[in-house]
Amino acid sequence: MEERYIRNLGALTEEECALLRTKTVFVAGCGGLGGYLIEMLLRLGVGTIRAADGDAFEASNLNRQLLSSPQALGHSKAEAAAARAAQVNPEVRFEAIPAFVTEENAARLIRGCDAVLDALDNIGARRTLARACAKERIPLIHGAICGWSAQAAVVMPGEDLIDKIYPEGAKLGSKTSLSFTPPFCAAMQVALCTRLLAGRPLETGRLYMVDLLDMEWESLF
Amino acid sequence: MIEVRFFATLREGRGKITQVPAEEASTAADLLRRFDIAAEEVAILLINGFHSKPEDAVKDGDVISLFPPVGGG
């Protein structure tokens, strides 16, 4: 085993680490959640990361988005992710796609992946991504944040969790988010993703919600 | 009494848990109105842990849990 992955051992077996190196994941969004998801997946040692975001950095991203910096304002988030990947772990194959996830491109973007990680910021795009995952028969690792709250879940094809948690007419209120909420949520997502990719048993269709203000944990459905 | 549990941002100005006399609400929607919560502000509504809708009936002893949409990234 390469030295850079030595500290993975114990928590993961050598076989599981080797298995992760064969896997391809799609990260939908390179903003608050996406930046941390990509960082954790790079260091964990997955084989290939494909990441898409059509957005560019703006000053309001600086309070929480790992890939943002004053020098990066106005620059592509997907390209910043690719630059970070080359810096952190050049052994991981990284495909940066400077485009938003849409009805037209979603199935093509995720095709061939072993897991899809949701780092989107609106309900419509989440429904689009969930439909594409169901169609392509790919597990979706949902994640979302608001203020002090974070939630994550594994959604297998055929499970209707996304429809349950975003019912018709549901509207996102405040866009507030703090520096520590995205990495916490991303950690839950990558932990779930690691179990999934390593072939370990895990509960799916269940929503894990954490309130970092009151330090409470809920497990729903 | 009906127990109403609020989560995340729905706790602001309402606290975590409150009790409502059973005769003052026949559906979950009655409870939303009582606490000035618009239907679109609730993503997940549980009655005794079961996924439910605002129009569903509530009765004495029920526990209602209300979660707002969490959708940022």
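Using packing as a proxy for protection, rank A:83-96, B:56-69 so that the peptide with the highest average count of other Cβ atoms within 10 Å comes first. All intermediate terms of the calculation are to be shown ahead of the outcome.
Working: A:83-96: 15.9, B:56-69: 17.8.
Going from most to least packed, we get B:56-69, A:83-96.
Each of A:Y36, A:Y208 was scored by other Cβ atoms within 10 Å of its Cβ. Arranged with the fewest first, they read A:Y208, A:Y36.
Take the residue pairs A:K175/B:K53; A:K23/A:K171; A:K77/A:K171; A:K171/B:K59; A:K77/B:K53; A:K23/B:K16 and return only those whose Cα atoms are more than 31 Å apart. Violating the 31 Å limit, Cα to Cα: A:K23/A:K171; A:K77/B:K53; A:K23/B:K16. The mean number of Cβ atoms from other chains found within 10 Å of a Cβ in peptide A:164-177 is 5, as a whole number.
So, by mean Cβ neighbours within 10 angstrom, what's the order for B:30-41, A:150-161, A:113-124 with the highest one leading?
A:113-124, A:150-161, B:30-41
Quick check on chain A: take the gyration tensor over C-alpha atoms, sort the square-rooted eigenvalues as a ≥ b ≥ c, and tell me if it's rounded (a/c under 1.5), prolate or oblate. Walk me through the intermediate numbers first.
Values: a/c = 1.29, a/b = 1.09, b/c = 1.18.
Rounded, since a/c falls under 1.5.
Can you compute the FRET efficiency between A:S69 and A:E91 using 1/(1 + (r/R0)^6), with r the Cβ-Cβ distance and R0 = 22 Å? Round to the nearest 0.05. Before the final figure, lay out each step's value.
On the way: r = 24 Å, r/R0 = 1.11.
About 0.35, to the nearest 0.05.
Segment A:179-221 and segment A:31-62 have their alpha-carbon centroids 18 Å apart. Between A:D163 and B:Q19, the simple label model (points 7 Å from Cα in the Cβ direction) yields a spacing of 3.9 nm. Between rounded, prolate and oblate, where does segment A:94-146 land on the alpha carbon gyration tensor, with a ≥ b ≥ c its root eigenvalues, rounded for a/c under 1.5, else prolate if a/b exceeds b/c? Rounded.
Working note: 222 nm ellipticity from helices only, DSSP H runs with n ≥ 4, each -39,500 (n - 2.57), summed and divided by the residues of chain A, gives -10000 deg cm²/dmol to the nearest 500. The calculated FRET efficiency for A:M1 paired with B:H51, based on their beta-carbon distance and R0 = 51 Å, is about 0.70.
Taking the DSSP beta bridges in segment A:36-166 as the whole, what percent of them are antiparallel, to the nearest 5?
Numbers: 8 of 15 bridges.
Of those bridges, close to 55 percent are antiparallel.
If you average the sequence gap of Cα pairs under 8 Å that are 6 or more apart and divide by the length of segment A:42-140, what percent do you get for the contact order? Walk me through the numbers before you get to the answer.
Numbers: 135 pairs, mean separation 27.5, N = 99.
Relative contact order for segment A:42-140 comes out at 28 percent.
Legend: ranking of residues A:I97, A:I38 from fewest to most surrounding C-beta atoms inside 10 Å; resulting order A:I97, A:I38. Calculate I(q)/I(0) for segment A:109-187 by the Debye formula, one identical point scatterer on each C-alpha and no solvent, and give its log10 at q = 0.16, 0.18, 0.22 Å⁻¹ to two decimals. The computed values of log10 I(q)/I(0) come out as -0.59, -0.74, -1.04. Helices in chain B, meaning DSSP H runs of at least 4 residues, each add -39500 (n - 2.57). Divided by all residues, the mean residue ellipticity at 222 nm is -2500 deg cm²/dmol.
Other residues lying with their Cβ under 10 Å from the Cβ of B:L66 contribute a combined charge of +2, Lys and Arg counting +1, Asp and Glu -1.
For the protein assembly as shown, what proportion of DSSP beta bridges, expressed in % and rounded to the nearest 5, is antiparallel?
On the way: 29 of 51 bridges.
The answer is about 55 percent antiparallel.
For peptide A:144-152, compute the average count of partner chain beta-carbon atoms within 10 Å of each residue's beta-carbon.
Working: counts 6, 4, 8, 6, 2, 7, 3, 6, 0.
So the per-residue partner count for this stretch is 5.
If R0 is 35 Å, what FRET efficiency do you get for B:D30 and A:E216 from their C-beta distance, rounded to 0.05? Between B:D30 and A:E216 the formula returns 0.85.
Classify segment A:23-82 from the C-alpha gyration tensor, please: rounded if a/c falls under 1.5, else prolate or oblate depending on whether a/b exceeds b/c.
Details: a/c = 2.47, a/b = 1.90, b/c = 1.30.
Taking the square roots of the gyration eigenvalues as a ≥ b ≥ c, segment A:23-82 is prolate.
According to the calculation over all Cα-Cα pairs in segment B:2-67, the P(r) per 10 Å bin from zero is 22, 66, 12 %.
Quick note: the coordinates plus some simple rules give every number you see, no bench work behind them. Quick caveat: nothing in here was measured; it's all calculated off a predicted structure. Glycine gets a Cβ as well: all are built from the backbone with ideal geometry, and neighbour counts include every protein chain shown.
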